[in-house]
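**Student:** One structure, pasted below without further comment.
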């Protein structure tokens, strides 16, 4: 005996209705049954746990938590120091100017309006150990390690710049306060000359405008700086080398439009 198509359709419709009613009952049971016997955290406890994990419960970031590393040369500092002295605040901002050699001439006695200086680590040794093709690049990248090594207590952020970089320190402070300093962050801006981004990378922070590193990331870079310089010993750009070392740690740029680097390319016309 075979069933008719009509009876088959009726069976399908009946099963569908039964499944629909069961689903509705199950849903209402989940939603409407009181939560007394459950271990679900309240919304307030959820927010508290997020804040705790993000470091938001710690003291607000202030200027004492930031160290600036300025990489320059003795020769250029004679006419570039006004750039940095325009924003440096003696006894307020922390950091060092890394020079390639001891200051001479009109730089002595050392101006109290300038950052305290240190002489860069023996770059000849760094180049010999890493086989780097460009001592200037090696010195600039190795400078991150030297600033970290002199950071002292309480540092949350490392800001690296050139000897003609100008920082609005309140803006820097306002920006980094948005981020969790206990995690890896690489913050900076693109070049405002589009071809520079194309030639180097759109994932690169351009150092002339400044590069901001959370201290844990800067420390990780510092610990592996020699290996980084070995891996990228053929690079002739300090910013590209830094970006590549950061990428090796699994970190990408957090771009911010407030960093302005303007390149003035030189074109030779025949």
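The values are calculated or read from the model by the stated rules, or taken from the named source; none is laboratory data. A quick note: this is a predicted structure, and the numbers were derived from the prediction, not measured. Neighbour counts are summed over all protein chains in view; Cβ atoms, including those assigned to glycine, are modelled from backbone coordinates with ideal geometry.
**Student:** Hey, among the residues in segment 162-178 that are assigned to a loop (DSSP other than H, G, I, E, B) and in contact with a helix residue (DSSP H, G or I) (Cβ under 8 Å, 6 or more places away or on another chain), which one's surrounded by the most Cβ atoms within 10 Å (Cβ to Cβ)? Before the answer, list the steps.
**Tutor:** Step one: of segment 162-178, the residues assigned to a loop (DSSP other than H, G, I, E, B) are 163-168, 177-178.
Next, from what is left, pick out any that are in contact with a helix residue (DSSP H, G or I) (Cβ under 8 Å, 6 or more places away or on another chain): 163-166.
Working: 163: 19, 164: 16, 165: 23, 166: 15.
My answer is 165.
**Student:** Determine whether segment 195-205 contains at least one residue that is at pLDDT 95 or above, within 20 Å of residue 68 (Cβ to Cβ) and buried (at least 23 other Cβ atoms within 10 Å of the Cβ).
**Tutor:** Here is the first cut: in segment 195-205, the ones at pLDDT 95 or above are none.
Within segment 195-205 (the criterion being at pLDDT 95 or above, within 20 Å of residue 68 (Cβ to Cβ) and buried (at least 23 other Cβ atoms within 10 Å of the Cβ)), the answer is no, since none of the residues qualifies.
**Student:** Moving to a separate point now. Does residue 158 count as within 16 Å of residue 211 (Cα to Cα), modelled with pLDDT of 95 or more, in a helix (DSSP H, G or I) and in contact with a helix residue (DSSP H, G or I) (Cβ under 9 Å, 6 or more places away or on another chain)?
**Tutor:** Values: within 16 Å of residue 211 (Cα to Cα): yes; modelled with pLDDT of 95 or more: yes; in a helix (DSSP H, G or I): no; in contact with a helix residue (DSSP H, G or I) (Cβ under 9 Å, 6 or more places away or on another chain): yes.
When the stated conditions are applied, residue 158 does not pass them.
**Student:** List the residue pairs whose Cβ atoms are under 7 Å apart, where the first residue sits in segment 249-269 and is closer than 30 Å to residue 223 by Cβ, the second is at pLDDT below 85 and not in a loop (DSSP other than H, G, I, E, B), and the two are 6 or more positions apart or on different chains.
**Tutor:** Filtered contacts from segment 249-269: 259/209; 261/191; 261/208; 261/209.
**Student:** Which residues, counting only those in segment 90-116, are under 30 Å from residue 177 (Cβ atoms) and either surrounded by 11 or more Cβ atoms within 10 Å (Cβ to Cβ) or more than 27 Å from the chain's Cα centre (by Cα) (or both)? Spell out the reasoning first.
**Tutor:** Residues of segment 90-116 that are under 30 Å from residue 177 (Cβ atoms), as a first pass: 90-98, 112-116.
90, 93, 94, 95, 96, 97, 98, 112, 113, 114, 115, 116 - these are the residues of segment 90-116 that are under 30 Å from residue 177 (Cβ atoms) and either surrounded by 11 or more Cβ atoms within 10 Å (Cβ to Cβ) or more than 27 Å from the chain's Cα centre (by Cα) (or both).
**Student:** Within 19 Å of residue 244 (Cα to Cα), in contact (Cβ under 8 Å) with a residue 24 or more places away in the chain, part of a loop (DSSP other than H, G, I, E, B) and touching a helix residue (DSSP H, G or I) at 6+ places or on another chain (Cβ under 6 Å), is that true of residue 132? First the steps, then the outcome.
**Tutor:** Numbers: within 19 Å of residue 244 (Cα to Cα): yes; in contact (Cβ under 8 Å) with a residue 24 or more places away in the chain: yes; part of a loop (DSSP other than H, G, I, E, B): yes; touching a helix residue (DSSP H, G or I) at 6+ places or on another chain (Cβ under 6 Å): yes.
Judged against the criteria, residue 132 is a match.
**Student:** Residue check: is residue 247 crowded, with 23+ Cβ neighbours inside 10 Å and either at pLDDT 75 or above or assigned to a loop (DSSP other than H, G, I, E, B) (or both)? Step through it out loud before you land on a result.
**Tutor:** Details: crowded, with 23+ Cβ neighbours inside 10 Å: no; either at pLDDT 75 or above or assigned to a loop (DSSP other than H, G, I, E, B) (or both): yes.
So residue 247 fails the test.
**Student:** Scan 107, 97 and give me the residue that is without any contact (Cβ under 8 Å) to a residue 60 or more places away in the chain and under 16 Å from residue 73 (Cα atoms).
**Tutor:** Numbers: 97 fails: without any contact (Cβ under 8 Å) to a residue 60 or more places away in the chain.
Residue meeting the stated conditions: 107.
**Student:** A further question on this structure: May I ask you to list the residues in segment 220-235 that are touching a strand residue (DSSP E or B) at 6+ places or on another chain (Cβ under 8 Å) and over 11 Å from residue 248 (Cα atoms)? Talk me through it step by step, then tell me what you get.
**Tutor:** Of the residues in segment 220-235, the ones touching a strand residue (DSSP E or B) at 6+ places or on another chain (Cβ under 8 Å) are 221.
Correct list: empty.
**Student:** Same structure, new question: Within segment 251-263, count every residue that is part of a loop (DSSP other than H, G, I, E, B) and under 22 Å from residue 138 (Cα atoms).
**Tutor:** Selection size over segment 251-263: 3.
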